[in-house]
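Written below as structure tokens is the structure these notes are about.
Since every read-out is calculated from the coordinates, none of them should be taken as a lab result. A quick note: this is a predicted structure, and the numbers were derived from the prediction, not measured. Heads up, the Cβs are rebuilt from the backbone with ideal geometry, glycines too, and the neighbour counts pull from every protein chain shown.
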Amino acid sequence: MAEIDFDGVTKIFGVGPPAVDHLSLHVDDGEFMVLVGPSGCGKTTALRMLAGLEEITSGTLKIGNAVVNNVLPKDRDVAMVFQNYALYPHMSVAENIGFALKIRGDSKSEIKRKVAEAASILHLSEYLERRPKALSGGQRQRVAMGRAIVRSPQAFLMDEPLSNLDAKLRVEMRLEIARIQRLLGVATVYVTHDQVEAMTMGDRVAVLRDGQLQQVDTPQDLYDHPVNEFVAGFMGSPPMNLVRCRVRAGNDRIEVDFGDQTIELPWHYTSSHELPASGLDVVVGIRPEDVIITDASSPNTIQTRVERREALGAEILVHLSHVDPNTDPSAYAENARADISRKASLVAKMGPRVKITVGDVLSVQLSPEHAHFFDAATGVTLRKRSR
Amino acid sequence: MTTLITPPQESDDREAPTPPSRNTRAKVGRWALFFAMVVIAVVMLYPFWVMIITSLKSEAQFLSGGGFSWLSWKHLSATIPVGQEVLSSTIVCSASILIILVVGLPAGFAFAKLRFRTSTAVFLVIVSAMMVPLQAILMPEFVNVTKLGLTGGYFGAILVYAALGTPFSVFLFTTYFRGVPDELIEAGIVDGLGYFGALWRLVVPIAIPAIATVTVLQFIQIWDDLLVGLLFIQNTSERPITVGLAVLAAGRTTSIPELMAGSFISALPAMIVYLGFQRYLVKGLTMGIDR
């Protein structure tokens, strides 16, 4: 078991922008690190460099204390689980799991013992003689895991191993992989584009975009304190509402404009954030769960109209657009059915029992305690580094 | 879409004729196809039938048209060393196919899975050799092999057959290996294999249809070839069966039943190999269609 250290690792394919751009990331021994990001962000390339399947253009990559830039994959002592499992179709489950040990030259009895042990952990004991084609997706996935764990490697590398499974199985396997990783305590780098997997599985999560590391943190800190608009929008489902507003400050008051409406912010934001000067723009971020329905008489509310409603069973996602506060709300409600749905500017997450229909005009409060502020030009958080 | 439903009790002669249903059309189509296939099968099998029947006659019976005799089979082995010639053909075929596979498998793997700067250009050059007819390069080949002193025994012919068959095998294996997921090979490499290990232990076992296809097609081609054997194997004790048959046919008095018996012996191995590998052959030739 070992630590993993990316130090300024860069990968450039031919000419063009780097696929991975000066990635510096440390994975502790036994840590479950998730690399997450949209398609093409470089997360798989980073993992493949770690496995030795891609050459490193520049930078230093260490496994344990050894620099592995020029070490062959077979000598890195890492095990990899692939997206499509990559099981050897002409071998039985037992042969698949024990293949690496056979190549390593372990004795037959040792291989048998370790395969049986891995199969027992993965509940595969009764399928050992089957060929991969006779297994379900979940079982194949477990065989792929078995092939990795049987080697007791220095690190597990997993490249979107759950993306070929159906939703229910994915949840089960998510827990299963996390359980096995905790059980074995091996440093794991797990690549996914699914932020739910990232949030639920990782000890820490590294968010990548265009080959660059955006933020690495614990899932909760990533959610609560995103360093930029991209991370704020990427982590969380549905994503954070990001609205460009104008700041107005003066007389111990600080306000932001939401279209024609205004919200007053708690004064402490001026000390915790580097808010722009009055009259300049800022991007305000509000999580959907922090958009609260209230009555019109409450302070700091904005008037919105329900444009769409998505009932997910345990919760309802309500897509809201701003309305002109000077217009009679009933006019919006009456024309609800005739109107073509307009572009929503806010998404709110509400309880399943809330009675809401499309066209309703609602007063909502944007929980001011949980607002995020980002620079309108760079997208970087305006929060001061106090943590 | 309109569906015509005709109740059984109303379908008598007085009814206006209705267009044939889809079912009937399908049945007619199937029968037509069956009939066409029977005709094609008869056309294909007739020469075999003639060959077998003719070989089971004496010279006199062949000229008179009736009768049955093993005489031509008995005379055949006295006229030409059939056993030795079949053995020679087998040696030349096996060795050539072995070289074709040993060269074609790693080359196909390299072209399909290992990216290198000029791989596409080199691949095209090799594959374009498939389009050069044997006759066009026969003389230069002969001069080269003669200079190497290899025109006596098997070796020269084996090299020429291997050189002629390798481009096709490289093409077929490259196409086949392109369909093998990269991740399978990468999994093997992470598990501790090198590229040759991955080829031998992971790719070859799943490339049996492609290997069978190359083997069968090359076997038929080499086994049936006369020209290369005639030119490059000059020791009479090592000549293949096709050369033996040619000698038989070129004799002053050619016995047609003997020639047919020899031809049957010559055709038999190719037929056995084809029938034995037929299942893989179809799989190998149609690979890529369902992707």
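Cut-off is 10 Å between beta-carbons; in what order do A:I177, A:I356 appear when sorted fewest neighbours first?
Details: A:I177 23, A:I356 16.
Ranked by crowding around the Cβ, least crowded first: A:I356, A:I177.
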So how far apart, in nm, are the two label points at A:A296 and B:A78 if each is 7 Å from Cα heading toward Cβ?
12.2
Among B:Q135, B:Q84, B:Q278, which one moves the most in a GNM of chain B with springs linking Cα atoms closer than 10 Å?
B:Q135
Charges at C-beta only: +1 for Lys and Arg, -1 for Asp and Glu. How large is the resulting dipole of the range A:22-65 about its Cα centre, in Debye rounded to 20?
140
Put +1 on the Cβ of every Lys and Arg and -1 on every Asp and Glu Cβ in the range A:9-71; which of A:N69, A:S24, A:P38 then has its Cα farthest towards the positive end of the dipole?
A:P38
With the cut-off at 1.5 for a/c, could you classify the range B:16-96 from its C-alpha gyration tensor as rounded, prolate or oblate?
oblate
How high is the relative contact order of the range A:150-221, in percent, with contacts defined as C-alpha pairs under 8 Å that are six or more residues apart?
28
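What net charge do the residues around B:A112 carry, taking every other residue with its C-beta under 12 Å from that of B:A112, with Lys and Arg at +1 and Asp and Glu at -1?
Computed value for this residue: +2.
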Most fluctuating residue given options A:R104, A:R142, A:R308, as computed from a GNM of chain A linking Cα atoms under 10 Å:
A:R104
Below 26 Å, Cα to Cα, which lysines can B:K57 reach? Residues fewer than 8 away in the same chain don't count.
B:K74
Within the set of other residues whose C-beta is less than 10 Å from the C-beta of B:V160, count the net charge using Lys and Arg as +1 and Asp and Glu as -1.
-2
For a footprinting-style exposure proxy, rank A:E274, B:E85, A:E31 by other Cβ within 10 Å, fewest first.
A:E274, A:E31, B:E85
Filter the chymotrypsin sites (Phe, Trp or Tyr not before Pro) in the range B:35-106 down to the DSSP loop ones having no more than 14 other Cβ atoms within 10 Å, then list what survives.
B:F68, B:W70
Chain A, Gaussian network, Cα under 10 Å: of A:R246, A:R140, A:R353, the residue fluctuating most is A:R353
Kindly flag which residue pairs out of A:K43/A:K74; A:K11/B:K113; A:K112/A:K133; A:K43/A:K112; A:K62/A:K114; A:K62/A:K108 have an alpha-carbon separation exceeding 25 Å in this structure.
A:K43/A:K112; A:K62/A:K114; A:K62/A:K108
Might you report the magnitude of the Cβ-based charge dipole of the range A:63-149 about its Cα centre, with Lys and Arg at +1 and Asp and Glu at -1, to the nearest 20 debye?
180
Which helices, counted as full DSSP H runs in chain B, have an axial Cα extent of no less than 30 Å and a Kyte-Doolittle average of 1.6 or above?
B:82-113
Apply 1/(1 + (r/R0)^6) to the Cβ-Cβ distance of A:E274 and A:L184, taking R0 = 45 Å, and write down the FRET efficiency to the nearest 0.05.
0.50
Theoretical ellipticity at 222 nm over chain B - DSSP helices of four or more residues, -39500 (n - 2.57) apiece, nearest 500
-23500 deg cm²/dmol
Rank these for me by crowding, B:M51, B:M131, A:M158, going from fewest to most other beta carbons within 10 Å.
B:M131, B:M51, A:M158
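Report, in debye and to the nearest 20, how large the dipole of the range B:72-285 comes out about its Cα centre when Lys and Arg carry +1 and Asp and Glu carry -1 on their Cβ. Provide the component values of the computation, followed by the final result.
Working: 11 positive and 10 negative charges, 22 e Å.
Dipole size: approximately 100 debye.
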Paramagnetic label zone (point 7 Å from Cα along Cα-to-C-beta, A:I356; backbone N under 15 Å) in the range A:278-312
A:286-296, A:302-312
Take the alpha carbon gyration tensor of chain B, find the square roots of its eigenvalues, order them as a ≥ b ≥ c, and report rounded if a/c is under 1.5; if not, report prolate when a/b exceeds b/c, else oblate.
oblate
Taking the Cα-to-Cβ direction at A:A377 and at B:F116 and moving 7 Å from each Cα, how far apart do the two end points lie in nm?
5.2
What FRET efficiency comes out for the pair A:L317/A:L175, r = Cβ-Cβ distance, R0 = 30 Å, nearest 0.05?
0.75
Projected onto the charge dipole of the range B:21-87 (unit charges on the beta-carbon of Lys, Arg, Asp and Glu, signs +1, +1, -1, -1), the Cα from B:L63, B:V43, B:L33 with the largest positive-side position is that of B:L33
What nm value, rounded to one decimal, do you get for the distance between A:D75 and A:K108 when each label is placed 7 Å out toward the C-beta?
3.2
Estimate the FRET efficiency between A:H22 and B:W200 by the formula 1/(1 + (r/R0)^6), using the beta-carbon distance for r and 35 Å for R0, to the nearest 0.05.
0.35
Per-residue ellipticity at 222 nm attributable to helices in chain A (runs of n ≥ 4 DSSP H, -39500 (n - 2.57) apiece, nearest 500 deg cm²/dmol) works out to -7000 deg cm²/dmol
